[in-house]
Amino acid sequence: MNVFTMVRRAPQGVLCAELAPLLTGGRAGAVVADLLAELLVYAQLDDRQAGRFGSAGRLGRAFPPRSAGPLDWHYPLNNPKPSPVTDPATEEDPAEKPPSRLGDGPDVQERTAWPLLSAPATVAEGAEFDVEVGLRVDRDPEVGGTGALRLPDRDVVLELVLVYDPAGVEPVGWSNPVALAATGTNPHPRTLLRMRALGGPGLQDRREIGVSFHVGGTLRGYASRTVVIGGDGGAVLVEPVTSGRVDLGHLLSGDSPDLVVVVERGADVRGQTLVWTARSPLPGLRVDAGPYRCGIGDDPAGLARRTRLRMSAAVDARDAVTTLVGLGRDIGDKVPVPIADAVRAVIAHRAPRPPSVLLVSAEPHVPWELAVLDAPEPGHSPFLGARTALGRWVLDTRRPPPRPAARARADTHAVISARYEGVPGWSRLPSAEVEAARVAASYPPCEHVPPLHTVVLNFLEQGPRVDVLHFALHGQCDPDNAQDGLVLLAQSPLAPDRMVPRFLNPEQVSGLSLRGSPFVFLNACQVGSGGELLGDYSGLARAFLAAGACAVVAPLWNIDDIAAGEVAHTFYTAVYTGKAVAEVLRALRSAVHPRTRDGAPATTLAYQFFGHPNLVLRRTKPIIGL
């Protein structure tokens, strides 16, 4: 009996526990990473399969055999023919579209209506004007938003919440929310609301007016349009808001979050204000809808840069935690008081179970997950993302419309990891290599994708459909530099036998059309950071959503190699017991509190989740080695 046959019979957890402490950054650590990666894969083989490899040798495509040539042990240069990781009989899963659970039974009948939001194209400063809101039979091409509304086919009371910057316009004789009854005799109700156009320095001429539609406190849709304020109210050419709608269809038809918070941009010229609204479907809980205004200064992107630098410079766990609590208190001070009160009310209402919160935001830079709304208590995590199961979504006007879901299939995986040995500027990540091997071994079938830039692009757009994409790589956020995104590899143009880094950047991902709607875990430094492009939300997480991903998990700053692997292992172990993705991440964050003195709290708190806060990954295939 050879040594591989012996260790194959050892429990996977024992192998990891005994070898993981040896994963250092030096050559010895790299050797241990190779060994552990092989063992994790080899441990899943039966005796007949194991016999093919004898007592030594590297295992298949995941870890090609080493030979004299520098490229031989890296990756095939041509795109390999992908293995069929999907079952053709289940290529299209009709069960992926979840039934509506918005306070009705699974067999509730629904009907379709379109948002009505009508207002003058131009209004003179200081003048009053009417805004007509409600439902209509067909689509208004001058109204942007979520598109058609799906409503219960019965008598319902709609709650409409108008979203506007209070510095730019104000209501006259009414306040949010506005109730409308949709009945069999009046299926498309409407009403006129009076508003006044305000003037002042620093305001844009173009003012956004939006309206969110709720049934029983549950968000059903959103619509917006632009009104130009200024002059004498005469005719001015205004472009219709028709390019790129925010499609919240699956999000709105899935399990309803306990609180929905929408963050829009204000009307000021310099873009220093945000407008907040909130609604909750919980019975007996009153939440002031807003809108409420807050300022975020003239350089919110600078906050994101400073946070990345602070976390990179943290010398120990206490330094990281103290810094993040201080940052969280600064962020919490920017949350409007009524919105913070709504969060506290939902937390109290749901206690002891943490509530689910959806944050739909047009603002890409501020990590609201870190907001500290109350004085920190010893032994308790004070962060919003630890007190609530929080998912965020991009309020974007760019194509293509993302489609979040409350349920997603997770039967097939693909992993992308790299050996950065000899790659200039990038050290090897032993734990990331083991992490990729462990994911592949634990959750078959799994496709190993060589980390060559062209191969990865081809796989993402032309490869077999997979349900979960897991990246364990180096990453970097530097939108003003060519080195931005996931660090993949390519042949050096000067020395073809050597590998050089080549980045998979947000623009390249945004140009793809992913097969299916995979769940994406980007376990790489800084790639969760957002930015702005042509005035809209940008970044790698947003790019994967735009390409068709159902959800994305990604860190905002540098993460520790070993700790990141532990986070991934804990994450998949928990989500495949049926727990929601946001709840798993919340539980991880909840272990970090002001008195945390060990571990890697900066890594634990780095992860941001873009997706439905009640998203559950459904796996029907066997799980190996847990």
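The values are calculated or read from the model by the stated rules, or taken from the named source; none is laboratory data. Given the structure is predicted, the values throughout are model-derived calculations rather than measurements. Using ideal geometry, Cβ is built from the backbone for each residue, glycine included, and neighbour counts are taken over all protein chains shown. The protein model used for the area step is the full one, side chains on, heavy atoms only, and it has no ligands, DNA or RNA in it. Shrake-Rupley method; radii C 1.70, N 1.55, O 1.52, S 1.80 Å.
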Inset, instruction - Would you check if HIS448 is touching a helix residue (DSSP H, G or I) at 6+ places or on another chain (Cβ under 8 Å), open to solvent by 40 Å² or more (accessible area, probe 1.4 Å) and touching a residue at least 24 places away in the same chain (Cβ under 8 Å)? - result: yes
Inset, instruction - Exactly one condition in (1) open to solvent by less than 10 Å² (accessible area, probe 1.4 Å); (2) under 17 Å from ALA119 (Cβ atoms) is not met by ALA182; state its number. - result: (2)
Inset, instruction - Please verify whether the stretch 208-217 includes one or more residues that are more than 30 Å from HIS365 (Cα to Cα), modelled with pLDDT of 80 or more and in the same structural domain as GLY147 (by the TED database). - result: yes
Inset, instruction - Return the residue satisfying two criteria in turn: it lies in the stretch 432-445 and is crowded, with 24+ Cβ neighbours inside 10 Å and touching a Gly at 6+ places or on another chain (Cβ under 7 Å), and of such residues it is farthest from ILE559 (Cα to Cα). - result: VAL434
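Listed here are the residues, each with its yes/no results for (1) in a helix (DSSP H, G or I); (2) open to solvent by less than 20 Å² (accessible area, probe 1.4 Å); (3) under 22 Å from ARG265 (Cβ atoms).
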| site | (1), (2), (3) |
| --- | --- |
| LEU282 | no, yes, no |
| ALA289 | no, yes, yes |
| ASP298 | no, no, yes |
| ALA304 | yes, yes, yes |
| ARG318 | yes, no, no |
| ASP333 | yes, no, yes |
| ALA340 | yes, yes, yes |
Inset, instruction - Determine, yes or no, whether LEU460 is more than 20 Å from LEU585 (Cβ to Cβ) and out of contact with any Phe, Trp or Tyr (no Cβ under 9 Å at 6 or more places or on another chain). - result: yes
Legend entry - So LEU162, is it within 28 Å of the chain's Cα centre (by Cα) and either basic (Lys, Arg) or under 22 Å from GLN109 (Cα atoms) (or both): no
Inset, instruction - Could you list, in sequence order, all residues of the stretch 124-137 that are open to solvent by 50 Å² or more (accessible area, probe 1.4 Å) and within 20 Å of LEU219 (Cα to Cα)? - result: ARG136, VAL137
Legend entry - Residues of the stretch 476-498 satisfying the condition of being assigned to a strand (DSSP E or B) and open to solvent by 10 Å² or more (accessible area, probe 1.4 Å): GLN476, ALA490, GLN491
Legend entry - Residues located in the stretch 343-379, provided they are small (Gly, Ala, Ser), within 21 Å of LEU588 (Cβ to Cβ) and open to solvent by less than 10 Å² (accessible area, probe 1.4 Å): SER356, ALA371
